[in-house]
Amino acid sequence: MSADEEKWDLFEKAIQLLSTARWAEAEATFDKLIALEPDRYSNWMMLGRCQLSQQKLPEAMESATKALELRNGADTWNLMGCVLKAKESFPEAETAFRKSLELNPRDATTWSGLATVLFALNRDQESEQAARKSIELKPEFFESWLALGMINLRRGDAGEAEGYFRKLTEVAPRMPEAHEFLAISLSAQGKHPDANQARAKARSLRS
């Protein structure tokens with residue numbers, strides 16, 4: 001097998017592993033790809049995503065930094081923002097997401113990442129604007145519906161939050177947290193039977 005054939009086989013295997021969320025095996029496969037092509041930024045990007053999905057934050061930070069060294073792109077800044085957000089380094093994550101948006105202002109996942117970071121920084125108005133921009137670009141993505149629900153919970157408007165959390169359960173029906181947050185908004189309105197039903201759904205998804 002030639003070197004190019006080996007790289008292609010590894011890449012196909014890695015993509016298949018990613019599609020089934022087999023993060024550790026995908027990580028090991030990207031490690032092999034990097035040994036063959038250490039200067040291909042996309043390998044470092046995908047390695048960082050695998051590590052982030054496993055909450056291996058120091059390793060993900062190293063991979064994100066290497067990807068950025070190889071390419072100053074919207075995707076590499078997005079990855080850096082995601083890693084920094086996971087590390088709860090929210091001001092630095094905001095900077096990374098904003099740099100990503102300078103390069104690609106139409107990426108919905110970057111707007112939603114920015115929305116969640118701004119929420120963590122207690123800048124609700126800016127968070128809401130970023131979340132709405134993400135939804136305008138990609139309404140089927142879950143994160144900004146979650147952000148809007150959380151913003152309204154913090155404002156004390158449980159009824160408005162309920163609407164966003166219901167939308168969240170539509171776009172991410174197998175996400176236990178979506179049903180748990182819906183239950184919180186329902187309980188805050190005294191809708192206890194509906195809240196219990198939402199909690200039961202969350203438990204069933206976790207079992």
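Worth a mention:
- Helices (runs of 4 or more DSSP H) wholly inside the stretch 51-117 that include at least 2 residues being touching a Cys at 6+ places or on another chain (Cβ under 9 Å) and without any contact (Cβ under 8 Å) to a residue 12 or more places away in the chain: none
- When the stretch 148-193 is filtered for residues that are small (Gly, Ala, Ser) and either under 23 Å from the mean Cα position of the chain (by Cα) or under 21 Å from Glu128 (Cβ atoms) (or both), the ones remaining, listed by number, are Gly149, Gly156, Ala158, Gly159, Ala161, Gly163, Ala172, Ala178, Ala183, Ser185, Ala188.
- Hits in the stretch 169-191 (condition: surrounded by fewer than 16 Cβ atoms within 10 Å (Cβ to Cβ), more than 17 Å from Phe141 (Cα to Cα) and free of Cβ contacts under 8 Å to residues at least 12 places away in the same chain): Gly190
- Of all residues in the stretch 141-161, those that are hydroxyl-bearing (Ser, Thr, Tyr) have Cβ atoms under 8 Å from Cβ atoms of residues that are surrounded by fewer than 16 Cβ atoms within 10 Å (Cβ to Cβ), 6 or more apart or on another chain, in Ser144/Arg132.
- Residues in the stretch 112-127 that are surrounded by fewer than 16 Cβ atoms within 10 Å (Cβ to Cβ) and polar (S, T, N, Q): Asn122, Gln125.
- Restricting attention to the stretch 70-84, the residues that are out of contact with any Phe, Trp or Tyr (no Cβ under 8 Å at 6 or more places or on another chain) and not aliphatic (A, V, I, L, M) total 3.
- When the stretch 1-27 is limited to residues that are among the hydrophobic types (A, V, I, L, M, F, W, C) and loosely packed, with under 15 Cβ neighbours inside 10 Å, the one that is farthest from the chain's Cα centre (by Cα) turns out to be Met1.
Values quoted throughout were computed directly from the atomic coordinates according to the rules given, and no laboratory measurement underlies them. Computed from a predicted structure; not experimentally measured. Reconstructed Cβ throughout: ideal geometry from the backbone, glycine too, with neighbour counts over all protein chains shown.
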